[in-house]
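Q: What follows is a structure written as structure tokens; I'll ask about it next.
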Amino acid sequence: MTPSIAAAPRWDAGAAGKLRACMMWLMRIDRWDVRRDGPLSEASLQQKLHALGYQAASRVYPAGAVVSAQTDARERIQAVARGLIKVTIDGESAILTAGDVVLVPRGAVRRVEVIGTSAAHCLEAVFLGDSQSDAS
């Protein structure tokens, strides 16, 4: 008898609330896959976020920029279109590169730092299904 292997759970847009209920937050990073997602561009990354239920805004951070820690009442996504950033969410850090998407749960503390000598082009998106009225 051959054991069956369950498929890994897919990253989904509404996962933040479930993840925050756990005692320990594990950062969820979705890496761009050309076979699944097609060629990477800012427009294609924005389309992917829209399909997940997010409204994205483009942000360009200069080399060496450090965005002070922020907390938001809405679920967000931080995505990288070009460049390299270090994102810290509730004390857990990861390096993100072009095509990487990370979920920022409602109420989490987020800090962004540009790594290297090039500017970082990012998309910051809010979840449209969120009933909160205070977008920032």
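Q: Please go through segment 44-82 and pick out each residue that is out of contact with any helix residue (DSSP H, G or I) (no Cβ under 8 Å at 6 or more places or on another chain) and free of Cβ contacts under 8 Å to residues at least 40 places away in the same chain.
A: Q47, H50, A51, T71
Q: Can you tell me which residues in segment 59-68 are exposed (fewer than 13 other Cβ atoms within 10 Å of the Cβ) and part of a strand (DSSP E or B)?
A: V66, S68
Q: I'm trying to understand the selection: among the residues of segment 55-77, which are basic (K, R) and either within 19 Å of M27 (Cβ to Cβ) or at pLDDT below 95 (or both)?
A: The answer is R74, R76.
Q: Follow-up. Look at segment 1-54 and say how many of its residues are outside any helix (DSSP H, G or I), at pLDDT 95 or above and polar (S, T, N, Q).
A: Of the residues in segment 1-54, 1 are outside any helix (DSSP H, G or I), at pLDDT 95 or above and polar (S, T, N, Q).
Q: Select from segment 49-89 the residues that are among the acidic types (D, E) and touching a Phe, Trp or Tyr at 6+ places or on another chain (Cβ under 7 Å) and list them in ascending order.
A: Across segment 49-89, the qualifying residue is only E75.
Q: Quick one: in segment 78-132, which of the residues that are of a type in the set (S, T, N, Q), over 18 Å from A63 (Cβ atoms) and outside any strand (DSSP E or B) is modelled with the lowest pLDDT?
A: The residue in question is Q132.
The values are calculated or read from the model by the stated rules, or taken from the named source; none is laboratory data. Since the model is a prediction, treat every value here as computed from it, not as a measurement. We place every Cβ from the backbone using ideal geometry, glycine too, and count neighbours over all the protein chains shown.
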